[in-house]
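To keep things clear, I will list the structure first and then write my remarks on it.
The values are calculated or read from the model by the stated rules, or taken from the named source; none is laboratory data. Not measured: the values here are computed from a predicted model. So basically every Cβ, Gly included, is an ideal-geometry build from the backbone, and we count neighbours across all protein chains shown.
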Amino acid sequence: MSDRERYPSEAADRFQVRMTSGLRDRIRQAAEANNRSMNSEIVATLEEKYPAPEPATIEELEAAIRGITELLDRAGPNGQDERIQELARLLVERWFEPPEEAAPKKKRGELDRT
């Protein structure tokens, strides 16, 4: 590879998709109507359908921590009951994103077999 910097599109994740008959034409038509590339049209549609989660506010996190603290106080010294573990799991799942795993990059044209 040369010493030039990579374009953002060259560093972006890639994902191959098999489309049903006619879908490619519908995407092309929508992309033309919106004055963008087919890739941009697909990404915009996916972003609309799967928006990024809203970050928690300080007030929401404080309320959640107060709730967990109250449950721990009621549970006593053996505060490891299943309800508390489930509440903590749901809190983490809802408000905190898991760290991104460093997945190996696929070569151009390589299919995703997952």
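Kindly provide the set of residues from the range 34-53 that are out of contact with any helix residue (DSSP H, G or I) (no Cβ under 6 Å at 6 or more places or on another chain) and among the hydrophobic types (A, V, I, L, M, F, W, C), ordered by number.
Across the range 34-53, the qualifying residues are Ile42, Val43, Ala44, Leu46, Ala52.
List the helices (runs of 4 or more DSSP H) inside the range 14-114, counting only whole elements, that have at least 3 residues being at positive phi, surrounded by 10 or more Cβ atoms within 10 Å (Cβ to Cβ) and modelled with pLDDT under 85.
Passing ranges: none, list empty.
From the list Ala56, Ala31, pick out the single residue that is in contact with a helix residue (DSSP H, G or I) (Cβ under 9 Å, 6 or more places away or on another chain), among the small types (Gly, Ala, Ser) and touching a residue at least 24 places away in the same chain (Cβ under 8 Å).
Just one listed residue meets the conditions, Ala56.
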